[in-house]
Structure formats: C-alpha cells, structure tokens
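Here is the structure we will look at.
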Amino acid sequence: MSTPSSPTLAFIGGGNMASAIIGGLIRGGTPVGRLLVVEPWDVQRDKLRADFGIEALAEAGPALARADACVWAVKPQSFKDAAGPCAAHVGGALHLSVMAGIRSDAIAQAAGTERVVRSMPNTPALIGMGITGLYARAAVTAADRALVEHLLAATGERLWVAQESDLDAVTALSGSGPAYVFHFIETMMAAAERMGLGAEAGKQLAIATFAGATELARRSPETPATLRERVTSKGGTTYAALTSMDAAGVGPAFIAAMLAAQTRARELGDEFGR
C-alpha cells in the first residue's frame, strides 16, 4: 500500500457521485495514478478514462489490494453482487460507503473489516455545494476520519453523527432535501404564471430568492425565526402569505413529509442493509 500522505483510492462503481469525488480529488492535487475504479458498464468506464485519465477496471481483481481506502458507490440493490468479487482484495482498506440503505454491518461483513464509514451525501455535492452526513464504526481511527474528510472535501460540508440510525434522519432532511427545494421552486413558478409573470420570470425570481435567503441564513448570527420575523410586518404581504400557509397546515404537513422519508429510509435499510 501507499504511504498515508499519498493514499491509493479505489472506487467500486463509477457513477455521478463517484465522479464528483474523483474530480474533486484530482482538482485538489491527488495524482491520477493513485486512483482506480471498478465500473462494469463499458460506456461509463470509457467516460471515466476520457474525463480523468483514471485506471478503470471492468471487474474487481488484485489491483484493489493497493487501495488504502475503498469507496462504495454502487446502487444498493447491486451491493451484494459487487461485494463478492472485491472481498478477497480489500480487507486491509478503510471503507467509505456513499450508498443509500446499506448499513455498516453489511459492509463490514462483506469487506472483512470493521473500518467502515457510512455516509449520506446529497446531489449538490456534484457542484461542490453538498452536505454529507457521516457515521463511523468504533474501529475507525482519527487518521481514518481525516482521510474521509480529505476524500469528501470537494463535495461540500460534512457532519458526523453519533449513531448510525441518525443517518435515516439525515436522509430525510438533507439527502432528500434538494427535491423539496426543487418542488418549492416549481410551485413558485406555477404561482408566477397565475399572477401573470410567466414561468421563466418565476424561475429566475424563485431561484435567486432561495439562493439569497439561504446565504443570508448562513452568514447571519440570527436564527431563521428572527430573520423571518424581520420580513413579516403584521398586516403586510408576507404576513398574508404566511397566515395562508399556517391555515393550510403547510408546516405540519412538511414535518410529516420528512418523517415519512425517515421511515422509508429505515425500511430501505431493513430491505437492503442486512
């Protein structure tokens, strides 16, 4: 294996999330020779070679034994089939999973090691603006955690959680969260048409509003509740909108929706993750 300062990194699966991590690592100075990927689909394998000049294998083999860390990035339903051919070669590596639904017990058993970190990224990671929830099993060292931070640095923010079940809540909040934002943007576009502005004007206004409001929330020392109150004059337009939302039960419905997502994340873990 390579030295800790220049780890060799293997990716099992070379789809969008793996490509986002690989691209970030290369931009950050990781030598291409330290990266390899197992990707059975020939079209995607060719794309990885063309985009990154990376070593791309059609199937698992002895080359994986060079890896200091192994990133699992296959679809959950493909994990068992992918893990079998890898098992003989990856027992000495740290394992990072970006798969939904596969619990760390299953990864540890398949990989033959307790050095497993499970993560839940979200799609803004593809542009370096994601947030990833992370859970580490007890055998994961401080150096292992630092390597995971290095692996994911270009994808956005990271948040470590204390217990694996917390990842179900992370899935419901930030993993599925981009879809909630896109849904609100779609709804604001529809409202713009109803008000005579047109969908494109609504899209521009909605996206700029979300971007500006979230950045203000990020930078401000005040709570989101205080920021909301500063925009809401009693009897004004914002008050009328928020009162209408309250009357329609939007807040409780939104909380119920995220609880439903959390429940489904737990169910998927039961289905795929044992």
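A short reminder: the numbers here are calculations on the coordinates, not readings from a lab. Fair warning: this is a prediction, and the values are worked out from it, not measured in the lab. We place every Cβ from the backbone using ideal geometry, glycine too, and count neighbours over all the protein chains shown.
Between the alpha-carbon centers of the stretch 241-264 and the stretch 44-71, tell me the distance in whole angstrom. Each part's Cα centre sits 44 Å from the other's. Taking the fewest neighbouring Cβ atoms within 10 Å as the starting point, the ordered list for I12, I207 is I207, I12. Taking amide H positions as modeled 1.01 Å from N, with prolines and chain starts lacking one, the residues under 5 Å from S97 and 5 or more places away or on another chain are W72, V117, R118, S119. Computed from phi, the 3J(HN,Hα) profile of the stretch 54-67 under the Karplus parametrisation 6.51, -1.76, 1.60 (θ = phi - 60°) reads 8, 6, 10, 9, 6, 8, 5, x, x, 4, 5, 5, 6, 6 Hz, with x in place of Gly and Pro.
A helix-only calculation puts the chain at -15500 deg cm²/dmol for mean residue ellipticity at 222 nm, using -39500 (n - 2.57) for each DSSP H run of at least four residues, averaged over all residues. Listed by chain and number, the lysines placed with their C-alpha closer than 29 angstrom to that of K203 are K234; residues fewer than eight positions away on the same chain are left out.
Using 0.36 nm per residue of separation minus the Cα-Cα distance, give me the extension gain between A213 and I127 in nm, one decimal.
Stretched fully, the A213-I127 segment lengthens by 29.0 nm.
In terms of packing, defined here as the mean over residues of other Cβ atoms within 10 angstrom, the peptides 65-73, 264-272 line up highest first as 65-73, 264-272. For the chain, the Cβ-based charge dipole about the Cα centre amounts to some 340 debye (Lys, Arg positive; Asp, Glu negative; other atoms uncharged).
Counted over the stretch 9-167, the DSSP beta bridges are approximately 15% antiparallel. Which percent, to the nearest 5, of DSSP beta bridges fully inside the chain are antiparallel? Percent antiparallel among DSSP bridges in the chain is about 15.
Summarising the label geometry, the points placed 7 Å from Cα in the beta-carbon direction at A58 and A225 lie 6.1 nm from one another.
Cross-link reach is defined here as a Cα-Cα straight distance under 19 Å, omitting same-chain residues fewer than 8 places apart; for K75 the aspartates and glutamates meeting it are E39, D42, E59, D105, D168, E267, D270, E271. Relative contact order of the chain, taken over Cα pairs closer than 8 Å and 6 or more residues apart, is 15 percent.
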